[in-house]
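The values are calculated or read from the model by the stated rules, or taken from the named source; none is laboratory data. Source: prediction; values computed, not measured. Note that each Cβ is placed from the backbone with ideal geometry, even for glycine, and that neighbours are counted across all protein chains shown. To get the accessible areas, we keep the full protein, side chains included, count just its heavy atoms, and leave off ligands, DNA and RNA. Shrake-Rupley method; radii C 1.70, N 1.55, O 1.52, S 1.80 Å.
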Amino acid sequence: MYDRIEKDKYYHIFNQANGMIDIFKESRNYPFFIDKMEKHLAPVCEIIAFCLMKNHFHLVVKTKEVEETLISRAFANLFIGYAKAYNKAYNRSGSLFKKPFKRKLIASETYLKNVILYVHCNPIKDGFVEDIISYPWSSYNEILDDLATFIDRDFVLELFDDSTNFVAAHRAYQLNTSFTPTFEE
């Protein structure tokens, strides 16, 4: 069983659809999920990184110093809200996401950096793109551009020292297919 999500902690959150169907059937589904993510999670979490894939997603968050029931409710509202809209749009019923959603506590800075690299490079690993810069449904480009974002851009760039090192770390991760991040427990 999964531990509850606690306040003021970093987590890798991920999930997929029941029955391995695509959670994101059309390109319009991705920004809809991102909007719901901002609406529901930003009040209770700093969103550090994300990547949305056809049949699963990854989020890296730091929970805020709020009541833990508010955090749990925010995730439930995100998943239920998206599932209701998805079911209506595609004439289906029932639960869309596997329950409970998966979460891993991130207990060190090294682990946090490696999870961010893993999350952003997931589309390369799964063969969707050859370079992360061309994948539109992750926070990678949002972290590097100057447009307004709900992503905690300054924190991420500081974590990697600056944007040059952020890009270099991702490039090294992409190019070294045998590289496995050291996910410390």
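Residues in the stretch 1-57 that are of a type in the set (Lys, Arg) and more than 26 Å from Ile132 (Cα to Cα) were compared, and the one that is least open to solvent (accessible area, probe 1.4 Å) is Lys9.
The one condition from (1) among the β-branched types (Val, Ile, Thr); (2) outside any helix (DSSP H, G or I); (3) open to solvent by 60 Å² or more (accessible area, probe 1.4 Å) that Thr110 does not meet is (2).
Listed by first and then second residue, the pairs with beta-carbon distance under 8 Å, at least 6 apart or on different chains, first residue in the stretch 145-171 and free of Cβ contacts under 8 Å to residues at least 24 places away in the same chain and over 15 Å from Ile116 (Cα atoms), second of a type in the set (S, T, N, Q) and buried (at least 16 other Cβ atoms within 10 Å of the Cβ), are Thr149/Ser139. Residue pairs whose Cβ atoms lie under 6 Å apart, separated by 6 or more positions or on different chains, with the first residue in the stretch 124-137 and assigned to a loop (DSSP other than H, G, I, E, B) and the second open to solvent by less than 60 Å² (accessible area, probe 1.4 Å) and of a type in the set (Phe, Trp, Tyr), are Val129/Tyr135; Trp137/Tyr30.
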